[in-house]
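Structure record follows, encoded as structure tokens.
The values are calculated or read from the model by the stated rules, or taken from the named source; none is laboratory data. Treat the numbers as computed from the prediction; the structure is a model and nothing was measured. Don't worry about glycine lacking a Cβ; one is built from the backbone with ideal geometry, like all the others, and counts go over all protein chains shown. Heads up: the accessible areas ignore ligands, DNA and RNA and are worked out on the full protein's heavy atoms, side chains in. Shrake-Rupley method; radii C 1.70, N 1.55, O 1.52, S 1.80 Å.
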Amino acid sequence: MKLTPVLVGALAFAALINSASAETLTIATVNNGDMIRMQKLTDDFTKANPDIQLEWVTMEENQLRQKVTTDIATKGGQYDIVTIGTYEVPIWAKQGWLLSLDDLGADYDVNDLLPPIRAGLSLDGKLYAAPFYGESSMVMYRKDLMEKAGLTMPDAPTWDFIADAARKMTDRANDINGICLRGKAGWGENMAFLTAMSNSFGARWFDEQWHPQFDQPEWKDTLQFYVDLMKDAGPAGASSNGFNENLALFQSGKCGMWIDATVAASFVTNPTDSTVADKVGFALAPDKGLGKRSNWLWAWSLGIPASSTKADAAKKFVAWATSKHYIDLVASKEGWANVPPGTRASLYANPEYQKAAPFAKMTLDSINSADPTNPTVKPVPYVGVQFVAIPEFQGIGTTVGQLFSAALAGQSSVDDALKQAQDVTTREMTKAGYIK
């Protein structure tokens, strides 16, 4: 067909009209590996939905939480889709800040979502965010260094074993730290780890009358154990290290052990990125023999702010990114070991995944054993394993995280950090009306 000037003009005009009618979704997300991978695979979505364009705003964890919380609380409407966690979803849903996601399509198979993950993202039986990946926490360790230290990692280790092994595996001359743990301040950074750890030591944030418990011996035991262990066997500058920093240290061979999110398992065993990929073993998060392990429960999920004017298009994207189809897409491009874990029962029943992911069973066991409604040894008035599911926790948790990070850095003593944590938490909880 010969393209006349008139036809060329008509085609150009049609393209302009089509472009003008396309909706652009602004998506706020965290700079974790699985989300970066998702951005590279979105051609699959835009080809099927040419009328929808995507604009990404990618931030580190603490910054994402701050920006998204501010925008959604003020109904700013800056984002059409937000990456949020298990802490925010029920609280924000109750405030009317999130749209319900009960209509993601007949083929979405919401009943395939793992029950603990789905429950954490629901309010009154309705789903308010779709899980992109789910996680608990576990021990990742160097089998070669463990053997060199003359030790054998149990499937269910104690904290005392972990501490002994970490000190024996430390080799400062060769830049090998026995253990890498989160130290970066933030309610979802060092306090996610330390709160889960404290549960296994018998500590709790609040008693049944909402009185803070940082003046109790269980918290002293937790924080002193952590600070001493990191001083003896942790990396320099640990108070600045969060998930991504410790991942880089472990992948480069500088950590004997790392206790963190189960989602990291595919990264530390990926030979493209990890220099120790063939040397990694896995174990359950440690305990102190009190009946609670130090594993948490979390999902990074996609939610739609109630302020979005593009709900239909946003739901299409959320359904795509958290679907079985997306898991199959990642498997075809990156291999089964690298699919987003922890969300769907069908994945853990898949023989191909079981074969490719030696960490699959440990991840599922860790997720299923976390109990947000009964997270501690002593009774508590709150829900949440590594957080307290009240709106005030975001601010209080970050302040306490700063105090504990300073203790790790040697800028204050453990006793001073705990006293300040007790004082500030008591003040904020009294102001909020929890303490009479």
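Listed by chain and number, the lysines whose alpha-carbon sits under 21 Å from that of LYS316, ignoring those within fewer than 8 places in the same chain, are LYS40, LYS47, LYS126, LYS324.
Averaging 1/r over each pair of different alpha-carbon atoms in the chain and inverting the result gives 22.8 Å, the Kirkwood hydrodynamic radius. Averaged over residues, the count of other Cβ atoms within 10 Å places the peptides 33-40, 264-271 in the sequence 264-271, 33-40, highest first. Remark: the stretch 344-436 carries 46 Å² of accessible area per residue (probe radius 1.4 Å; ligands, DNA and RNA excluded).
Across the stretch 157-280, counting alpha-carbon atoms alone, Rg and Dmax equal 15.3, 51 Å. Under 5 Å between amide hydrogens, which residues at least 5 positions from SER137 or on another chain qualify, with H placed 1.01 Å from N in the peptide plane? So SER137 has HN proximity to THR262, TRP296. A simple charge model with +1 on the Cβ of Lys and Arg, -1 on the Cβ of Asp and Glu and nothing else charged puts the dipole of the chain at about 180 debye relative to its Cα centre. Taking the 1.4 Å solvent-accessible surface of the chain as the whole, the part contributed by carbon and sulfur is 52%.
Charges were assigned to the Cβ only: +1 to each Lys and Arg, -1 to each Asp and Glu. The resulting dipole of the stretch 84-132 about its Cα centre is roughly 240 debye.
Probing with 1.4 Å while keeping every protein chain in the model, the per residue accessible area of the stretch 26-65 equals 42 Å². Remark on GLN78: its backbone amide H falls under 5 Å from none of the residues 5 or more positions apart or on other chains, H modelled at 1.01 Å from N. Taken over the stretch 9-158, the percentage of Cα pairs per 5 Å bin, counting from 0 up to the bin with the maximum distance, is 2, 7, 12, 15, 16, 14, 10, 7, 6, 5, 3, 1, 1, 1, 0, 0. Structural descriptor for the stretch 152-204: relative contact order 16 percent, calculated from alpha carbon pairs under 8 angstrom and at least 6 residues apart.
Relative to the longest principal axis of the Cα atoms of the chain, the long axis of helix 190-200 lies at roughly 50 degrees.
Cross-link partners for LYS143 among the lysines, with Cα-Cα distance under 19 Å and sequence neighbours closer than 8 places in the same chain left out: LYS168, LYS254, LYS279, LYS361. The order of the peptides 193-202, 308-317 by mean Cβ neighbours within 10 Å, most packed first, is 193-202, 308-317.
Adding -39500 (n - 2.57) for every DSSP H run of four residues or longer, then dividing by how many residues the chain holds, sets the calculated 222 nm ellipticity at -13000 deg cm²/dmol. Within the stretch 236-284, the proportion of C-alpha pairs whose separation exceeds 13 Å stands at 52%. The separation of the stretch 47-67 from the stretch 272-343, counted between C-alpha centres, amounts to 17 Å.
Axis of helix 414-431 versus longest Cα principal axis of the chain: the two differ by about 50°, to the nearest ten degrees. The angle between the Cα long axis of helix 393-408 and the main principal axis of the chain comes to about 50°, on a 0 to 90 degree scale. Take every Cα pair under 8 Å whose residues are at least 6 apart in sequence, average their separation, divide by the length of the stretch 47-183, and the relative contact order is 14 percent. Listed by chain and number, the lysines placed with their C-alpha closer than 28 angstrom to that of LYS419 are LYS184, LYS220, LYS231, LYS288, LYS292, LYS378, LYS431, LYS436; residues fewer than eight positions away on the same chain are left out. A compact globular protein would have a Cα radius of gyration near 2.2 N^0.38 Å; the ratio found for the stretch 291-337 is 1.64. With Cα atoms as the point set, the radius of gyration and Dmax of the stretch 93-205 evaluate to 20.0, 58 Å.
On a per residue basis, the stretch 273-326 carries 33 Å² of accessible surface, using protein heavy atoms and a 1.4 Å probe. Restricting attention to the chain, close to 65% of DSSP beta bridges with both partner residues there are antiparallel. Under the classification rounded if a/c is under 1.5, otherwise prolate if a/b is larger than b/c and oblate if not, where does the stretch 263-359 fall, given a ≥ b ≥ c as square roots of the Cα gyration tensor eigenvalues? Oblate.
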